[in-house]
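Read the figures in this text as sums done on the coordinates, not as results from a lab. On a predicted model such as this, the values are computed, not experimentally measured, just so you know. Note that we place each Cβ from the backbone using ideal geometry, even for glycine, and neighbour counts take in every protein chain shown.
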Amino acid sequence: MVETLLNNINRLLHHEDMGKLLLRLAVGGLMLFHGLHKLIDGVDGISAMLMAKGLPGVIAYGVLLGEVVAPLLIILGVLTRPAALVLAFTMVVAWLMVGTAKTWQLDAVGAWAIESLAYFFIGALAVALLGAGRFSLAGNTSWR
């Protein structure tokens with residue numbers, strides 16, 4: 001009886017393409033809020049951090065690629081795997097810029113201090129490995 005119930009639940013919830021869509025919406029959609037913030041308020045803060053590390057401040061505009069363009073592509077399911085890799089790379093850079101000192105720390109409410117960086121990095125890697133799935137604006141082409 002339990003096995004029959006589990007088989008019915010598994011059959012009912014077996015929708016890989018819908019799962020891929022939900023993952024794309026979560027990873028791309030939530031990251032897009034970070035990017036929109038930088039579109040509205042600018043990248044001056046990031047530019048200052050880069051210059052403090054001896055790097056050219058103009059590199060800060062790359063964050064718009066990783067936090068606006070890549071998430072939009074992920075959401076739409078267009079160039080999904082490359083866009084997800086760009087997002088993952090962006091999270092590595094963010095960790096190197098602001099997260100390395102916090103890697104082994106908890107925040108004020110007991111969460112891992114870099115959990116959002118880790119979530120977006122791992123989520124982006126999952127999207128890169130799974131691809132867009134059937135629900136993609138690119139349709140069934142190599143562009144998804």
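Here the Gaussian network model covers the chain, with springs between Cα atoms less than 10 Å apart; of VAL68, VAL58, VAL27, VAL58 fluctuates the most.
Under the criterion of Cα pairs below 8 Å and six or more residues apart, the relative contact order for the chain equals 29 percent. Give me log10 I(q)/I(0) at q = 0.11, 0.13, 0.18 Å⁻¹ for the chain, Debye formula, one equal scatterer per alpha-carbon, no solvent. For the requested q values the scattering log ratios are -0.50, -0.65, -1.02. Spin-label model, LEU137/GLU115: points 7 Å from Cα along the beta carbon direction are separated by 3.2 nm. The slack in the chain from ASP17 to LEU106, taken as 0.36 nm per residue of separation less the alpha-carbon distance, amounts to 28.5 nm.
For the chain, what is the charge dipole size about the Cα centre, in debye to the nearest 20, if Lys and Arg each add +1 at the Cβ and Asp and Glu each add -1 at the Cβ? Please list the in-between numbers first.
Numbers: 9 positive and 8 negative charges, 64 e Å.
Using only the charged Cβ atoms, the result is roughly 300 debye.
Only DSSP H runs of four or more residues enter the estimate; each adds -39500 (n - 2.57), and after division by the residues of the chain the mean residue ellipticity at 222 nm equals -19000 deg cm²/dmol.
Can you tell me how much longer the chain between VAL93 and HIS37 gets when fully stretched, taken as 0.36 nm per residue apart minus their C-alpha distance, in nm with one decimal?
Working: separation 56, 0.36 × 56 = 20.16 nm, distance 1.79 nm.
Using 0.36 nm per residue and subtracting the Cα-Cα distance, I get 18.4 nm.
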